[in-house]
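A.B. asks: Take this structure first; my questions come after.
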Amino acid sequence: MKVLVISHMYPSNFNTMAGIFVKKQVEELTKLGCEVKVISPVPWSGFPLNIISSKWKKYSNIPYEDVIDGVKVYYPRYLEFPKGYAFEGSGKRMYNAIKKLVLQLNEKDKFDLIHCHVALPDGYCGMLLKEELKIPLVTTVHGQDFQYTINKSEKLKKAVFHALRASDKIITVSNKLRNIVKDQDFNSKIEVISNGISLEDCILNEKTNLDNVPFDIGILSASNLVKTKGIDLNIKAMKEVVKKHKKLKYYIIGSGPEKDNLMELTKKCGLQDNVVFKGRLEHKEVIKYMSKCQIFSLPSWQEGFGVAYVEAMLQGKPVIGVKGEGIEDVISHMKNGILVESKNLEDLIKNIEFLLENKEKANNIAKEGKKTVVNDFTWKNTAKKTIKLYNTMIN
């Protein structure tokens, strides 16, 4: 089976972690016999954009093609604008930029189907390529399309829905995302196939050096530092929890626009000795920290799925997520994890204290969480479900 994957989020030398979940799925698909070529369009970054922004200047250093872990990846340039200006037309601009390359690749070795990750711009571009190549199209929604894009303007909503109506199948990575569009006419085409993890990337062995990892990690979170992740709730909860557990430490991994606000909140709460900001760490380092923490808490109230929760569960740690979010597909409250009410500080405090003060129950929850992940939430399982979907489309 020959598959064309289109994803502007695929990792590159600009950002090795961007869209890592797409890369991991592609790797498993190839292991299971799919022949995959990836096109990852990059915003054109000529003058004056390469002068105005260091971020846009870095785009120009991305090669036009590369081989990453055995998979051929193409990085054609397309016209995109800073701050999402005219984003409703981004799918058409992407199509115009990559059409020639796609036709050349298809001429050499015809594709059986197109798989796009996110509806806009990639899925919209895939919709136009589908018309050109006359092959099936599947579009995966990871969260951005339904949680942000369709709420920004009617033009963006129309573009997203147009791309999804033209898709033969739609994948959402959680039931939460599917339910957001439960009243739309394309909902019947949706199948839920979650993201997953690679066991080999997330399981530490006896040779792993943990000397540089602190021994006193009580609570841990790992995420981009944006408002929706609920890191401020963790800090506010710490203010109360340390009244009973004075030596408890909360380690925050990640960076983002909320960092300064969160550091200021830490000072206001008088928690400078209890809250540690680690900044962005490489994935292997994050896993090490997860392996040493007592509790992984991320009370994110806008989460399409949440791979970080699953990675922490695999380390045998009790995990706190939020009811009604994507992680609810993985966690059963008090069985293999904890689910708290969205933005409810008192509920968060109560459950953190419960885990700290009921070690045996916390350990049982953690064991069940690890079992759940190993049995159901690996990239291998995800790839098998995806190939099954591919076969229904082709046949």
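The values are calculated or read from the model by the stated rules, or taken from the named source; none is laboratory data. Since we're looking at a predicted model, the values are computed, not measured. A quick note on method: Cβ atoms are made from the backbone with ideal geometry, for glycine too, and the neighbour counts reach across all protein chains shown. Heavy atoms of the whole protein, side chains included, go into the accessibility calculation; ligands, DNA and RNA do not. Shrake-Rupley method; radii C 1.70, N 1.55, O 1.52, S 1.80 Å.
A.B. asks: With n ≥ 4 as the cut-off for DSSP H runs, can you work out [θ] at 222 nm for the chain, using -39500 (n - 2.57) per run divided by the number of residues, rounded to the nearest 500?
C.D. replies: On the way: 15 runs with 160 residues, N = 395.
Helix contribution divided over all residues of the chain: -12000 deg cm²/dmol.
A.B. asks: Quick one: putting +1 on the C-beta of Lys and Arg, -1 on the C-beta of Asp and Glu, what dipole do you get for the chain around its Cα centre, in Debye to the nearest 20? Each step should come with its number before you reach the end.
C.D. replies: Working: 61 positive and 46 negative charges, 68 e Å.
I would put it at about 320 debye.
A.B. asks: So if I place +1 on the C-beta of Lys and Arg and -1 on the C-beta of Asp and Glu, and nothing else carries charge, what would the dipole magnitude of region 87-147 be about its Cα centre? I want it in debye, nearest 20.
C.D. replies: Numbers: 8 positive and 8 negative charges, 42 e Å.
So the magnitude is around 200 debye.
A.B. asks: Please list, in order along region 341-350, the HN-Hα scalar couplings obtained from phi with the Karplus expression 6.51 cos²θ - 1.76 cosθ + 1.60 (θ = phi - 60°), rounded to whole Hz, x for Gly and Pro.
C.D. replies: Working through the residues one at a time gives 5, 4, 6, 9, 5, 4, 5, 5, 4, 4 Hz.
A.B. asks: Here is a follow-up. Taking just the alpha-carbon atoms of the chain, what radius of gyration and Dmax come out, in angstrom?
C.D. replies: Gyration radius and largest Cα-Cα distance of the chain: 21.7, 68 Å.
A.B. asks: Hey, if we sort ILE394, ILE338 by accessible area with the 1.4 Å probe, largest down, what's the order?
C.D. replies: The ranking, largest first, comes out as ILE394, ILE338.
A.B. asks: Also: If all Cα-Cα distances of region 2-143 are sorted into 10 Å bins from 0 onward, what percent lands in each bin, rounded to whole numbers?
C.D. replies: For region 2-143, the pair-distance distribution reads 12, 45, 35, 8, 0.
A.B. asks: Moving to a separate point now. Quick one, what does Rg over Rh come out to for region 98-154 if you take C-alpha atoms and the Kirkwood Rh? Write out the running numbers ahead of the final one.
C.D. replies: Numbers: Rg = 13.0 Å, Rh = 12.2 Å.
Expressed as Rg/Rh, it is 1.06.
A.B. asks: Can I ask one more? What is the angle, in °, between the Cα long axis of helix 154-166 and the longest principal axis of the Cα atoms in the chain? Nearest 10 is fine, range 0 to 90.
C.D. replies: Taking the Cα atoms of the chain, the angle to 154-166 is about 70 degrees.
A.B. asks: Please figure out what share of the DSSP beta bridges in the chain is antiparallel and state it in percent, rounded to the nearest 5. Can you show the working numbers first?
C.D. replies: Details: 4 of 45 bridges.
Of the beta bridges lying entirely in the chain, close to 10 percent run antiparallel.
A.B. asks: Hey, another quick one. Within 12 Å, Cβ to Cβ, of LEU105, how many net charges do the neighbouring residues add up to if Lys/Arg are +1 and Asp/Glu are -1?
C.D. replies: Numbers: positive: LYS2, LYS37, LYS72, LYS99, LYS100, LYS108, LYS110; negative: GLU35, GLU65, GLU107, ASP109.
Every neighbour counted, the sum reads +3.
A.B. asks: Then there is this: So how far apart, in nm, are the two label points at MET263 and LYS99 if each is 7 Å from Cα heading toward Cβ?
C.D. replies: So the label points at MET263 and LYS99 sit 4.9 nm apart.
A.B. asks: Just going by the charge dipole of region 157-235, with Lys and Arg at +1 and Asp and Glu at -1 on Cβ, which of THR208, ASN234, ILE219 is farthest out on the positive end?
C.D. replies: Value computed over the given set: ASN234.
A.B. asks: Right, another one. Along Cα→Cβ, 7 Å out, is where each label goes; now give me the distance between the ones at ASN381 and LYS244 in nm to one decimal.
C.D. replies: Taking the two extended label points, one gets 3.3 nm.
A.B. asks: Sorted from largest down, what three extents in whole angstroms do the Cα atoms of region 161-264 have along their principal axes?
C.D. replies: Result, largest extent first: 55, 38, 26 Å.
A.B. asks: List the residues whose amide H sits under 5 Å from the amide H of GLY337, counting only those 5 or more places along or on another chain, with H placed 1.01 Å from N in the peptide plane.
C.D. replies: Sorted by chain and number, the residues that satisfy this are SER332.
A.B. asks: When the scattering of region 227-354 is computed by the Debye formula from its Cα atoms alone, each counted once and equally, what is log10 I(q)/I(0) at q = 0.12 Å⁻¹?
C.D. replies: Treating every Cα as an identical point scatterer, log10 I(q)/I(0) equals -0.42.
A.B. asks: Shifting gears a bit: Is the C-alpha gyration tensor of region 94-211 telling us rounded, prolate or oblate? Criteria: a/c under 1.5 is rounded; beyond that, a/b larger than b/c is prolate, otherwise oblate. Spell out each step's value before the answer.
C.D. replies: Details: a/c = 2.16, a/b = 1.30, b/c = 1.67.
Oblate, because a/c is 1.5 or more while a/b does not exceed b/c.
A.B. asks: Using a 1.4 Å probe on the protein heavy atoms, what percent of the accessible area of the chain belongs to carbon and sulfur?
C.D. replies: Solvent-exposed carbon and sulfur of the chain make up 48 percent of the total.
A.B. asks: Starting from the Cα gyration tensor of region 343-395, take the square roots of the eigenvalues, sort them a ≥ b ≥ c, and report rounded, prolate or oblate (rounded when a/c is under 1.5, otherwise prolate if a/b is larger than b/c, else oblate). Kindly include the intermediate steps, with their values, before the conclusion.
C.D. replies: On the way: a/c = 7.23, a/b = 2.47, b/c = 2.92.
Oblate.
A.B. asks: Quick one: accessible area per residue over the chain, 1.4 Å probe, rounded to a whole number of Å²? Intermediate results must be reported in sequence, preceding the final value.
C.D. replies: Numbers: 18390 Å² over 395 residues.
Spelled out: the 1.4 Å probe surface of the chain, per residue, equals 47 Å².
A.B. asks: Based on the alpha-carbon gyration tensor of region 302-375 and its eigenvalue square roots a ≥ b ≥ c, which shape applies: rounded if a/c is under 1.5, prolate if not and a/b is larger than b/c, or oblate?
C.D. replies: Values: a/c = 2.10, a/b = 1.03, b/c = 2.03.
Cα axes put region 302-375 in the oblate bin.
A.B. asks: Assuming R0 = 30 Å, can you tell me the calculated FRET efficiency for the pair LYS157 and MET334, based on Cβ-Cβ distance, to the nearest 0.05?
C.D. replies: Working: r = 38 Å, r/R0 = 1.26.
For LYS157 and MET334, the calculated efficiency is 0.20.
A.B. asks: Under 15 Å Cα-Cα from LYS268, which aspartates and glutamates qualify once same-chain neighbours fewer than 8 residues away are excluded?
C.D. replies: Reachable aspartates and glutamates: ASP232, GLU240, ASP260.
A.B. asks: Can you compute the charge dipole magnitude of region 254-352 about its Cα centre, using +1 on each Lys and Arg Cβ and -1 on each Asp and Glu Cβ, nothing else charged? Give it in debye, rounded to the nearest 20. Don't jump to the answer; show the numbers that get you there.
C.D. replies: On the way: 13 positive and 14 negative charges, 72 e Å.
The dipole of region 254-352 has a size of about 340 debye.
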